[in-house]
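Working notes, beginning with the structure itself.
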Amino acid sequence: MSRIAVVGAGYVGLTTAASLADLGNDVRVVEIDTAKVRSLQRYRVHFYEPGLQELIERNARAGRLRFTTSYAEAIPDAEFVFLAVNTPEGENGEADLSYVRAATCSIAQSLSGPLIVINKSTVPIGTGDIVSEVIRSFNSQFEVDVVSNPEFLREGSALKDFMQPDRVVIGAHKREAAERVAKLYETLGAPILIYNLYTAEMVKYASNAFLAARISFINEMARICERVDADVKLVAEGMGLDRRIGPHFLGAGIGYGGSCFPKDVKALAAIAEQYEYHPELLHAVMDINRDQRTLAVDKLRECLGSLRGQVIGLLGLAFKPDTDDMREAASVEIARALLKKGATVRAYDPAAIDKAKAIMPDVEYRRNAHGVARGADAIVVVTEWNEFKQLDMVKVKRLMRRPVIVDGRNLYDPVEMRRLGFVYRGIGRN
Ligand code: NAD
């Protein structure tokens with residue numbers, strides 16, 4: 001059993017805290033947002049992540065997991081502190097480290113003994129040294145080691161990803177500190193890779209940039225497929241069975257979004273430029289993604305002409321299924337473009353409606369997919385939730401005013417859709 005503090009009660013912080021508590025550690029979470037802490041103290045999680053609320057309740061009731069707004073309560077007893085605060089996009093695309101700096105100052109001011117600070121936030125290469133310097137500027141009494149331990153979890157399967165990771169990456173200047181952190185993960189049975197600090201920090205950006213590049217690659221193939229009458233879904237299947245390529249992240253669609261890929265690719269490009277290297281490929285990845293995100297609106301205009309006065313339904317709002325995360329969700333860009341063109345926008349999402357309402361008050365929200373279809377001139381599939389795969393499309397068509405579907409995630413079979421009488425447009429398949 002180790003005594004652990006986790007700073008930041010977001011997707012990464014809460015997953016880390018609940019999982020480490022479940023492995024038998026004593027964990028305290030410190031979060032600046034009082035409302036989040038109050039709700040967590042009543043075992044309520046402020047976002048949707050399958051299984052997380054139950055895991056938190058079980059471990060909090062067992063006394064292994066506590067929540068506070070006070071660093072003075074969380075830090076002094078801890079042997080390890082995980083930093084899991086947000087690192088959003090800064091003004092020029094670089095990562096904004098102000099939350100990391102503020103949290104580090106607060107940790108340093110509450111120190112009462114030696115400590116290992118473990119950075120889980122995605123941060124530019126060298127940030128571990130900045131964290132060390134900030135701590136040293138407040139404290140010269142206790143030995144504090146800073147270790148990088150990037151997180152690779154995916155929202156929607158965060159607990160499984162944490163408990164059964166493909167690998168755990170740990171980076172430190174001192175091998176002994178890295179090995180102590182490695183012990184926290186020993187029971188998971190995953191490969192543990194110990195690198196130097198900068199390499200570990202770089203692994204995270206390189207991984208996200210590579211995954212984003214795969215998505216932009218297949219989206220570029222989709223553009224070509226449409227022109228040569230090939231089906232990109234089958235092309236991806238044919239490519240993906242090649243073991244050198246693999247099947248993942250080859251779904252053509254309306255581009256990547258979410259809280260990580262967009263900002264991380266930009267931040268990595270900004271890091272490269274800072275070192276006077278122009279990252280051609282990263283810029284191409286971002287350009288392709290930008291164009292892909294407005295493709296659904298272009299396709300609607302192809303089918304409907306002017307969008308003024310048309311009723312457009314959106315199936316899905318979250319940036320991907322199994323989450324209510326709306327950060328950089330394609331739905332926001334699409335809805336804004338449609339509203340600007342004078343359309344009425346109706347939307348449904350199984351989890352993200354409450355969050356979407358705060359961002360897009362001008363969209364009309366419906367309780368299910370049929371509500372979206374009723375009276376619509378077209379439907380755009382924005383998020384590939386499972387429940388949309390099983391829709392009764394005969395009923396959907398009956399409810400719509402005009403049977404137009406722009407399938408931004410290639411959920412449906414074009415031949416079947418046309419047989420049912422839809423005007424159907426997928427991505428990269430005619
Ligand atoms: P988040 O926005 O969900 O959570 C961050 C939390 O930190 C917020 O609740 C915020 O209030 C809190 N916070 C900010 N400053 C604080 C401070 N000084 N003291 C205490 N709490 C503070 O963010 P997230 O999605 O969990 O991401 C955290 C980091 O992990 C980011 O760097 C992100 O890039 C990275 N990451 C995220 C994911 C993901 O899927 N969300 C996956 C891997 C890595």
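The values are calculated or read from the model by the stated rules, or taken from the named source; none is laboratory data. Only a predicted model underlies this, so the values are computations on that prediction, with no experimental measurement involved. Positions of Cβ are generated from backbone atoms using ideal geometry, with glycine treated the same way; all protein chains shown enter the neighbour counts. All accessible areas refer to the heavy atoms of the entire protein, side chains included, with ligands and DNA or RNA removed. Shrake-Rupley method; radii C 1.70, N 1.55, O 1.52, S 1.80 Å.
Assorted remarks:
- Residue match in region 51-72 (condition: within 15 Å of Asp264 (Cβ to Cβ) and either within 10 Å of the ligand (Cβ to nearest atom) or not assigned by TED's automatic domain parsing to the domain that holds Gly8 (or both)): no
- Scanning region 86-111 for residues that are within 9 Å of the ligand (Cβ to nearest atom), assigned to a loop (DSSP other than H, G, I, E, B) and surrounded by fewer than 18 Cβ atoms within 10 Å (Cβ to Cβ) yields a total of 1.
- A single entry from Ala9, Ala78 fulfils the requirement of being near the ligand (Cβ under 9 Å from one of its atoms) and either in a loop (DSSP other than H, G, I, E, B) or under 26 Å from Pro350 (Cα atoms) (or both): Ala9.
- Restricting region 396-416 to residues that are farther than 13 Å from Gly313 by Cα and touching a helix residue (DSSP H, G or I) at 6+ places or on another chain (Cβ under 7 Å), the residue that is surrounded by the most Cβ atoms within 10 Å (Cβ to Cβ): Asn410
- Here Asn149 meets each of (1) within 12 Å of the ligand (Cβ to nearest atom); (2) open to solvent by 50 Å² or more (accessible area, probe 1.4 Å); (3) in contact with a Lys or Arg (Cβ under 9 Å, 6 or more places away or on another chain); (4) of a type in the set (S, T, N, Q) with one exception, condition (2).
- Answer residue from region 292-344, given it is within 16 Å of the ligand (Cβ to nearest atom), among the aliphatic types (A, V, I, L, M) and touching a residue at least 40 places away in the same chain (Cβ under 8 Å) and is surrounded by the most Cβ atoms within 10 Å (Cβ to Cβ) among those: Ala318
- Note on region 112-127: residues that are open to solvent by 20 Å² or more (accessible area, probe 1.4 Å), touching a Ser or Thr at 6+ places or on another chain (Cβ under 9 Å) and either of a type in the set (Lys, Arg) or more than 15 Å from the ligand (Cβ to nearest atom) (or both) amount to 0.
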